[in-house]
Structure formats: structure tokens, C-alpha cells
Amino acid sequence: MLTRRHVIVTALAAPAVLRFGTGTAHAATTLKISHQFPGGTIDKGDFRDRLCRMFAAEVAKRSGGEIAAEIYPNSSLIKTNAQFSAMRKGALDISLYPMPYAGGELPETNIGLMPGLVATYDQGLRWKKEPVGKALTDFLADKGIILLTWVWQAGGVASRSRAIVAPEDAKGLKVRGGSREMDMVLQTAGAAVLSVPSNEIYAAMQTGACDAGITSSTSLISFRLEEVAKSLTSGAGASYWFMLEPLMMSKAIFDKLPKNQQDIILSVGSELEAFGRKGAQDDDIEVAKVYEKAGAKVSQLDVATVGKWRDIARDTAWKDYSAKTATSANLLKLASDVAA
């Protein structure tokens, strides 16, 4: 079983690039891992960056150095929204990527942020072994993407002014939702919407282009949104916003690897899911402390309020998504069958 202690001995603490290999004995397979989040070390920083570093260290260890990895945080290799397409084309090997960011290219991927659909971490992580997981995995594989590590994250709202807790609180504000479907819910609630990746929310809120941003607890911390926010709505207790943000790999690259390397990559990816869940849940708790320390007012969501958001989503986003394609309709039905 993979633990941090096992991988740390093989990891370098460089903030941007990790390299593993066996010197001049033989050429290693070098994989480029890209993501949009701040870089750190295997011990410290955004857990999504740490997950990538743990993955790199462990596949190097188990392959005896046959697999090397270079990590590029902060979208330093490829711009945020271009990473999914690059993987499909075989121009990028691996990315820890928010799935609904690919919605403009493949609308079916917006199932990864369907407001009110996933209510708990247990429910989201059950997808992998349920029919919805097989359907989503098969769909993505057909489009050139392999899912390595399933990571779900609950989200909350950072606001420059009043807190957004219930749907009516969003009226008249410019809000970043994170997916087309979340934007539909916000518009129904009376908000204007802004479509930017999470690493651009800070600048948008700082300039006033955005009044509030909905994003994962980890991004609420890592992108220092407490510096531009007066209010936080935490999703620690309950949330209508759960995003699937997995470690993904280009199928074109994966298929070229020998079977033993494929097995190592899949095994390590799967074992890191427990780390991903713990990292997300720890940040759900930590985010309130960060914002309180910065002087922001912290509000909590409850089940009844989440139900109000879900009711709007069922009448708007769910119906719209289901009507997109036969695959969308099937994914939504199968996901709805996974009880909370």
C-alpha cells in the first residue's frame, strides 16, 4: 500500500520539476505532468500538487527508474484550458484536471460538476465501481483519456461583499460558478456569470469583474482568495458543489507503454485516491480557519439550503445536460441511481 513514507525517500523537493531515472543504464520513459495549481513539495502545499509528486515518486520507485516524471505546476507548460485537448492529441502525458473544464470540447464531461447531483464524498467515490463509473471511463477512453486517480472536491463561495448561502443571495452579483450547468443555476437565481478557471478568480475579484467565486475548498486556500473576500460560505458540512478533478492520462501515450509500466501507473493512481479524499476533506475544515483569520465572515450550508440549489438544478441544468446527447442522458441517469 502506498504511503507518504514510502514515496518521500525517492522524491526531490524541487518546487516545479521532479526527475527520476537510472543514470546512463538505460533510457527512462519521461512523462510530463501538468496542472494549474501552485507548486510545492511532496510534504507541503496544495494537496493536488503533492498528489502529482507522490505519483511521480512512486512510479519511479516501482519501475526501478524506467519511468521518469517532470511536473509543471501553475499551468507553466500548457495553459489551463488547453491541457485536456493536449492529452487527447498525445501532446501532454498527464494532468490533474478539473473535468468540467473540458465541457466546451466534450459536453458530457460536465457531469463532473452537476449542481446538487453529488452530496457527499462517499457518493462521489462510489461512482468508480458503479455503472456510471464504467460508462464515464469508457466514454473518456474512447475520446483519448485514461482516468488514473478519482478525486472529488467539495466547494464553497468566496465573496467580495455579502455571503452567498441561499440561491436568492446571488441575485444581482457577478459570480464564477465553474461549469456551464452551475452557471445556469446561478442565472436562474438572478446572478450574472463569469467563466474563468480557478487560477484566474483572484484577478477577476480584485478588479471587480467578479463579485464572488465558487470553487473547491483547496482552491479557496491555494489561490489566496481570502485576500479579496469579505465573506466565505463553507461546504464542509453540506454542499451542492462537488467537482470531479482526477489525475488523467493521454490514452495515446498510455497505449505506447509496455504492460508492466501501464500496470504500475494504474496501481499507483488508484492507491492515491485515499490521499486525495483526505486532502480535500482536510481543506474543507481548514478553509474556514484561513478566512476567519483574514477577517472574513464565515457561513455554513445546511441540507435544507443545499436542497434549494438542487431543486433549481433539477429544473434547469439537469434537464439541459440530459438533452445534450444520449451519453449525457445515460450518465445523468446512472449517476442519479447512486444514492447519497
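Ranked by the mean number of other Cβ atoms within 10 Å of their residues, highest first, the peptides 221-232, 198-209, 177-188 fall in the order 177-188, 221-232, 198-209. With 21 Å as the limit, the listed pairs Lys129/Lys278; Lys134/Lys251; Lys32/Lys134; Lys230/Lys278 have Lys32/Lys134; Lys230/Lys278 beyond it between alpha carbons. In terms of its Cα atoms, the chain spans 64, 46, 32 Å along the principal axes, sorted from long to short. Taking every DSSP beta bridge that has both residues in the chain, what percent is antiparallel when rounded to the nearest 5? That works out to approximately 55 percent antiparallel. Each listed q (0.13 Å⁻¹) maps to a log10 I(q)/I(0) for region 203-340, found by the Debye formula over equal Cα scatterers with no solvent: -0.83.
In the complete set of protein chains, residue-level accessible area for Trp150 is approximately 10 Å², probe 1.4 angstrom. In region 39-102, the alpha-carbon atoms span a convex hull of 90 Å³ per residue. From helices alone, the chain scores -11500 deg cm²/dmol at 222 nm; the rule is -39500 (n - 2.57) for each run of n ≥ 4 DSSP H residues, then divide by the residue total.
Projecting the Cα atoms of Thr120, Val268, Ala204 onto the dipole axis of the chain, where Lys and Arg carry +1 and Asp and Glu carry -1 at the beta carbon, places Val268 farthest toward the positive end.
Mean projection of the Cα convex hull over all viewing directions, computed for region 170-269: 8.5 nm². In whole angstrom, how far apart do the alpha carbon centroids of region 146-224 and region 304-330 sit? Taking the Cα centre of region 304-330 as reference, the centre of region 146-224 is 18 Å away. For the options Ala212, Ala304, Ala28, a Gaussian network treatment of the chain with springs between C-alpha atoms closer than 10 Å singles out Ala304 as fluctuating the most.
Rounded to the nearest percent, how much of the accessible area of region 74-195 (1.4 Å probe, protein heavy atoms only) is carbon and sulfur? Here carbon and sulfur together make up 50 percent of the probe-accessible area. Around Ala252, with a cut-off of 15 angstrom between Cβ atoms, what is the net charge of the other residues, counting Lys and Arg +1 and Asp and Glu -1? Net local charge, Ala252 excluded: +3. Taking 25 °C and 0.890 mPa s as conditions, region 267-340 diffuses translationally at an estimated 155 µm²/s according to Stokes-Einstein applied to its Kirkwood radius (Cα pairs). Each Cα pair under 8 Å and six or more residues apart adds its separation to the average, and for the chain the resulting relative contact order is 23 percent. When +1 charges are put on Lys and Arg Cβ atoms and -1 charges on Asp and Glu Cβ atoms, the dipole computed for the chain relative to its Cα centre reaches about 320 debye. For region 40-155, the solvent-accessible area works out to 30 Å² per residue, with a probe of 1.4 Å and every protein chain left in place.
The values are calculated or read from the model by the stated rules, or taken from the named source; none is laboratory data. Owing to the predicted nature of the structure, the values given are computational and were not obtained by experimental measurement. So basically every Cβ, Gly included, is an ideal-geometry build from the backbone, and we count neighbours across all protein chains shown. Note: accessible area is taken over every heavy atom of the protein model, side chains too, but ligands, DNA and RNA are not part of it. Shrake-Rupley method; radii C 1.70, N 1.55, O 1.52, S 1.80 Å.
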